[in-house]
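First the structure, in the form of structure tokens, and then the observations on it.
The values are calculated or read from the model by the stated rules, or taken from the named source; none is laboratory data. Everything numeric in this text was worked out from a predicted model, so none of it was measured. For neighbour counting, all protein chains shown are included, and Cβ atoms are generated from backbone atoms with ideal geometry for every residue, glycine included. SASA here: full protein model, heavy atoms, side chains in, ligands and nucleic acids out. Shrake-Rupley method; radii C 1.70, N 1.55, O 1.52, S 1.80 Å.
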Amino acid sequence: MIVDFQHHYTPRELFNDETKDRTVLHYDENGAPFYISHGMLHDLDEHIRMMDIAGIDAAFLSSGSGMCTNLERSRFINDKMKEAERRYPGRFIGAAHVHPLGGAEAFRELARCSAELGFPGVVITSELEGLFLDDPQFDPFWAEAARLGMFVFIHPALKLNDSKQFDSYDTARSVGREFSLVMSIIRLINSCVFDRHPNLTVHMAHLGGGIASLLGRIRSYQDKDFWATKGNPRHGVLPTKDFDFYLHERMFFDTAGFCGDVRSVRTALVELPASQIVFATDYPQEIRSPEVVRDFVQAIRALGSEGDQILSGNVPSLVRQAAPTP
């Protein structure tokens, strides 16, 4: 069973009449492009057509419009995710959408998504509202996700906390988001989030922002004696185990974010075990053609046993709950 673990859907009701069938690019306060909306995002029939052409059995649905949003919109999007599951039995798996700092009401909605809607995971962004994921304010959220047995899907922030250095050439989207994911991994590990919450599983988007290419440098800077930061309350902090333990045992990484280029997957496999990588496309954002998705599936399958594990072998590790009920 092939599952696309990063597949985006925005309900039609969240588009106005002027934008529901045309492409609109949104810019942040610094003039950096941060989100593109278009009609394919709400056209689930087209999503199914793509999946059939590409040989994808099911897709884990998340919504850019619902990531770390208010309670009312979270509930609406969660209900629309369940509606998509019911309209297309067996083809879609909903992601829970809640604000991680939303407190008791958000946690009640998260519990509803788990117990009543049957969603296996919850999506948040890699940074938000001027905060990063190692901030102690997130700890109740990590605890609640772990208690419910839901994995946390960390999608790159659509709007970065500070996009000033990415003010040109569309770099906030092309590389700024990836930098945010790499930083999220380092922050989660070194702040001991995984040590405090031993049952927490995190699914990182975009092959962890391409972290495989940086691991030699990141590992070196874990040597606090060598780099003279030992004892510093911020820079000298270390988790209880080696950095790679958390990459290999507590985190999963998806193949989205590189526009269907299998060379990025091959690069990741130098450092990340195939057992921790799941298939994803970022459809219909970074890929919008069914044929490109089909070719991406075939290219990953051509990797042999590692490709088979990525395409389908790791699905049960994330989708641990029973299939959604009609």
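Projecting label points 7 angstrom from Cα along Cα→Cβ for Asn16 and Val237 puts them 4.2 nm apart.
Projecting each Cα onto the charge dipole of the chain (Lys/Arg +1, Asp/Glu -1 at the beta carbon, about the Cα centre), which of Gln222, Ala104, Ala205 comes out farthest on the positive side? Sorting the options by dipole projection puts first Gln222. Annotation: amide H of Tyr35 within the under-5 Å range of His26, sequence separation 5 or more or interchain, hydrogens built in the peptide plane. Keeping the other protein chains in place, figure out the carbon and sulfur percent of the accessible area of the range 7-94, with a 1.4 Å probe. Carbon and sulfur: 44 percent of the exposed surface of the range 7-94. Taking each DSSP H run with n ≥ 4 as -39500 (n - 2.57) and averaging over every residue of the chain yields -10000 deg cm²/dmol at 222 nm.
Figure note: Cys113, Cys192 ranked by solvent-accessible area, largest first, 1.4 Å probe, ligands and nucleic acids not counted: Cys192, Cys113. Of all lysines in the structure, the ones whose alpha carbon falls short of 20 Å from that of Lys224, not counting any fewer than 8 places away in one chain, are Lys241.
Please figure out what share of the DSSP beta bridges in the chain is antiparallel and state it in percent, rounded to the nearest 5.
On the way: 6 of 29 bridges.
The answer is about 20 percent antiparallel.
Rounded to the nearest 20, the Cβ-based charge dipole of the range 75-211 about its Cα centre (Lys and Arg +1, Asp and Glu -1) stands at 500 debye. Backbone phi angles across the range 272-287, fed through the Karplus curve with coefficients 6.51, -1.76 and 1.60 (θ = phi - 60°), yield HN-Hα couplings of 9, x, 4, 5, 10, 10, 10, 6, 7, 10, 6, 5, x, 9, 6, 10 Hz in residue order; Gly and Pro are listed as x. Residue by residue, the range 53-59 carries 3J(HN,Hα) couplings of 5, 7, x, 9, 7, 8, 9 Hz when phi is fed to the Karplus relation 6.51 cos²θ - 1.76 cosθ + 1.60 (θ = phi - 60°); x denotes Gly or Pro. Which GluC sites (Glu not before Pro) from the range 1-89 combine a DSSP loop assignment with at most 14 other Cβ atoms within 10 Å? Of the GluC sites (Glu not before Pro), the ones in loops of the range 1-89 whose Cβ has at most 14 other Cβ atoms within 10 Å are Glu18, Glu29. With everything on Cα atoms, drop me the angle between helix 103-115 and the longest principal axis of the chain, reported from 0 to 90° to the nearest 10. Computed tilt is about 60 degrees. Applying 1/(1 + (r/R0)^6) with r as the Cβ-Cβ distance of Ala302 and Ala104 and R0 = 56 angstrom yields a FRET efficiency of 0.70. Accessible area per residue for the chain, computed on protein heavy atoms with a 1.4 Å probe, is 43 Å². Starting from a Cα-only point model with no solvent, please compute log10 I(q)/I(0) by Debye for the chain at q = 0.08 1/Å. For the chain at q = 0.08 Å⁻¹, log10 I(q)/I(0) is -0.34. Computed from Cα atoms alone, the Kirkwood hydrodynamic radius reported for the range 266-326 is 12.9 Å.
If you take the charge dipole of the range 218-325 about its Cα centre, with +1 on Lys and Arg Cβ and -1 on Asp and Glu Cβ, which of Gly260, Thr240, Tyr283 is farthest toward its positive end? It is Thr240, whose Cα lies furthest towards the positive end.
Of the trypsin sites (Lys or Arg not before Pro) found in the range 1-82, the ones in coil according to DSSP and having at most 16 other Cβ atoms within 10 Å of their Cβ are Arg22. Using a probe radius of 1.4 angstrom, the carbon and sulfur fraction of the accessible surface of the range 248-326 is 49%. The angle between the Cα long axis of helix 71-87 and the longest principal axis of the Cα atoms of the chain comes to about 60 degrees, rounded to the nearest 10. One Cα centroid belongs to the range 1-72, the other to the range 105-165; the line between them spans 19 Å. Here Lys159 is the anchor, and the lysines within straight C-alpha reach of less than 25 Å, apart from those fewer than 8 places off in the same chain, are Lys20, Lys80. Close amide-amide hydrogen proximity is noted between Asp4 and Ala58, Ala59, Phe60, each under 5 Å apart and 5 or more residues distant or on a separate chain (H modeled in the peptide plane; Pro and chain starts excluded). Taken one residue at a time, the phi angles of the range 304-316 give Karplus couplings (6.51, -1.76, 1.60, θ = phi - 60°) of x, 4, 5, x, 4, 5, 5, 5, 9, x, 9, 4, x Hz. Gly and Pro are set to x.
Measure off, as a whole percent, the carbon and sulfur share of the 1.4 Å-probe accessible area of the range 112-215, all protein chains present. Show your work: numbers first, answer last.
Working: 1960 of 3690 Å².
The computed percentage sits at 53.
When you count the other C-beta atoms within 10 angstrom of each residue and take the mean per peptide, 222-230, 60-68 line up highest first as 60-68, 222-230.
Cβ-Cβ distance of Arg87 and Ser168, R₀ of 45 Å, FRET efficiency by 1/(1 + (r/R0)^6): the value works out to about 0.60.
Axis angle, to the nearest 10 degrees, between helix 139-148 and the longest C-alpha principal axis of the chain: 60 degrees.
Between the amide H of Val278 and those of Phe253, Asp254, Thr255, distances stay under 5 Å, these residues lying 5 or more places away or on another chain, with hydrogens modeled in the peptide plane.
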